[in-house]
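The values are calculated or read from the model by the stated rules, or taken from the named source; none is laboratory data. Note that the structure is a prediction, hence the values are computed from the model and not measured. Ideal geometry is used to build each Cβ from the backbone, glycine not excepted, and the neighbour counts take in all protein chains shown.
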Amino acid sequence: MMPTPDADLRPEDKTIEAANGRIYHYGWTRFVDEVCTGGHCFICGRTYDASAFNDEHVVPDWLLTRFRLHNSRLTLPNGTQRPYGQHKIPCCIDCNSLLGREIEQHIAMITGGDYSAFAAAIAWEYQFLPEQWLALVFLKLHLMDGRLRRTRDRRLKDDATISEGRIWEHFHHLHALVRSIHTGATVGPRVLGTLITFPIEDPAGEKHFDLLTFTEDFTLYVRVGQIGMIHVIDDGGGVAEIMRDLRVRIGDGPFSPAQARELAARTAYGNRILLGRPSFFTQVSGDRSTIIIRSAHSGIIDHPFPQYDLRPGSQEELRELLVTALPQLGCVKGNPTTFPQLVGDQEAIGRAP
Ligand SMILES: [Zn+2]
């Protein structure tokens, strides 16, 4: 059945595909079978048989080269480690080139200087580029979990992947967002989530790259030199609203590398307890000429500024995230902090008492 114009396509709906195989919109089943757990190109969906592949570094090659990370190891969710240089996701040459041209070369350029140059770039010409890039990195990191076995010892006869049991629904939206550079989809208002950027102290002799993922909380932190970026992918901007007080209290930085990790953990926690987050969906016109990724919030004309709220905080959950980010704080009682402004404050995300 052909979709009606502006049909509201939910994850369970079918894939919309052109006669030449170009996929405008992934249905739920094909997304899981081909993109999450299959070996198809994670952008266009073509197979090795149909197209030449050269695969895409999960942490991009320019970053690995800049900080000499090819042989450094990334810790996977099952605790095993893998060299960054070998951590590659199936991707065809065409899509790899597209990602390089449209995203990677620009983010490499604007992170090549100091923080103030980066801030100026994203305020003007490269607005939304960090969100686009961080969403891409987050997607790649997690899609890889569907391709790697959770146990390497084949004698155990365990074929399950690292992502076994994961609910991929959130990733369906993220995937549509990331591949909008391939489909030409328009990204509507309040679809991109919260972005927090800040300068990081840069003492000599220190490592200049850091990466921290909070899978359940859809939050990613990346440090590139003296630039820190935290992105909450699925909050429609709600976490930025609820963390306003905290941000005022801790100031604009520069932060220490540990403070940057703590802020990432508190941001992930903000997303965990956020109430009123939007749902997201994709609309495709009947003639397939228009694809729009929307937030349910953007359609509420009477309430253009959604009201976010928080569920009651849990000190234990916050502490768990803080210690995940900063294991060295595990011996400190209560909610440990590296920010002098927050010492003794048990308020979950640091709102003013
Ligand atoms: Zn492709």
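Could you check, for the range 83-95, whether at least one of its residues is surrounded by fewer than 20 Cβ atoms within 10 Å (Cβ to Cβ) and modelled with pLDDT of 95 or more?
Yes: the range 83-95 contains one or more residues that are surrounded by fewer than 20 Cβ atoms within 10 Å (Cβ to Cβ) and modelled with pLDDT of 95 or more.
Read through the list (1) away from the ligand (no atom under 16 Å from the Cβ); (2) exposed (fewer than 14 other Cβ atoms within 10 Å of the Cβ); (3) in a loop (DSSP other than H, G, I, E, B), then give the number of the only condition that H70 fails.
(2)
Has the range 44-52 got at least one residue that is at pLDDT 90 or above, within 13 Å of the ligand (Cβ to nearest atom) and closer than 30 Å to F209 by Cβ?
yes
For L134, which of the numbered conditions (1) crowded, with 21+ Cβ neighbours inside 10 Å; (2) within 16 Å of the ligand (Cβ to nearest atom); (3) hydrophobic (A, V, I, L, M, F, W, C) fails to hold?
(2)
Assuming V222 fulfils every condition listed in (1) touching a residue at least 40 places away in the same chain (Cβ under 8 Å); (2) away from the ligand (no atom under 16 Å from the Cβ); (3) surrounded by fewer than 20 Cβ atoms within 10 Å (Cβ to Cβ) apart from one, which condition is it?
It fails just one condition, (3).
Looking only at the range 119-126, decide whether some residue is aromatic (F, W, Y), assigned to a loop (DSSP other than H, G, I, E, B), out of contact with any Ser or Thr (no Cβ under 9 Å at 6 or more places or on another chain) and away from the ligand (no atom under 16 Å from the Cβ).
Yes: the range 119-126 contains one or more residues that are aromatic (F, W, Y), assigned to a loop (DSSP other than H, G, I, E, B), out of contact with any Ser or Thr (no Cβ under 9 Å at 6 or more places or on another chain) and away from the ligand (no atom under 16 Å from the Cβ).
Return only the number of the condition from (1) more than 16 Å from the ligand (Cβ to nearest atom); (2) surrounded by 18 or more Cβ atoms within 10 Å (Cβ to Cβ); (3) touching a residue at least 60 places away in the same chain (Cβ under 8 Å) that T80 does not satisfy.
In the conditions (1) more than 16 Å from the ligand (Cβ to nearest atom); (2) surrounded by 18 or more Cβ atoms within 10 Å (Cβ to Cβ); (3) touching a residue at least 60 places away in the same chain (Cβ under 8 Å), T80 misses (2) alone.
Scan (1) surrounded by fewer than 18 Cβ atoms within 10 Å (Cβ to Cβ); (2) free of Cβ contacts under 8 Å to residues at least 60 places away in the same chain; (3) within 16 Å of the ligand (Cβ to nearest atom) for the single condition G113 breaks and write down its number.
(3)
Scanning the range 238-253 for residues that are more than 15 Å from Q307 (Cβ to Cβ) and crowded, with 17+ Cβ neighbours inside 10 Å, which turns out modelled with the highest pLDDT?
Step one: filter the range 238-253 for residues more than 15 Å from Q307 (Cβ to Cβ), giving 243, 245-253.
Subset that is crowded, with 17+ Cβ neighbours inside 10 Å: 243, 246, 250, 253.
Numbers: M243: 89, L246: 90, I250: 93, G253: 89.
Per the stated criteria, the residue is I250.
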